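Report on the following structure.
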Amino acid sequence: MELLTTILLCLPIVLLVTLFIGIVKKNKRLWIISLIFFVIITLVDCAYFIPVYKTDSKITHETNSVE
């Protein structure tokens, strides 16, 4: 679990560095691919680290019967 967390935290940094290297060296393929993967990995990080709150799915109906 710690390895996965480390990889998910370090990978966006590495992709951001390769993005800037691709821009500086004017390598269009490198910066476009690193930008795409940076966005994907960032979305995965958000989905992995943001907690999900469970909702109560039990629906209770109370009826008042009139006799």
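The values are calculated or read from the model by the stated rules, or taken from the named source; none is laboratory data. Keep in mind the model is a prediction, meaning the values are calculated, not measured. Cβ: placed from backbone, ideal geometry, glycine included. Neighbour counts: every protein chain shown. SASA here: full protein model, heavy atoms, side chains in, ligands and nucleic acids out. Shrake-Rupley method; radii C 1.70, N 1.55, O 1.52, S 1.80 Å.
Each row is one residue, and each column tells you yes or no for (1) open to solvent by less than 80 Å² (accessible area, probe 1.4 Å); (2) modelled with pLDDT of 90 or more; (3) hydroxyl-bearing (Ser, Thr, Tyr); (4) part of a helix (DSSP H, G or I).
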position	(1), (2), (3), (4)
15	yes, yes, no, yes
19	yes, yes, no, yes
34	yes, yes, yes, yes
39	yes, yes, no, yes
62	no, no, no, no
66	no, no, no, no
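Return yes when residue 56 is surrounded by 11 or more Cβ atoms within 10 Å (Cβ to Cβ) and modelled with pLDDT under 90 and no when it is not. So residue 56 does not fit the description; no.
On the given criteria, is residue 26 at pLDDT 90 or above and outside any helix (DSSP H, G or I)? Here the answer is yes, as residue 26 does meet what is asked.
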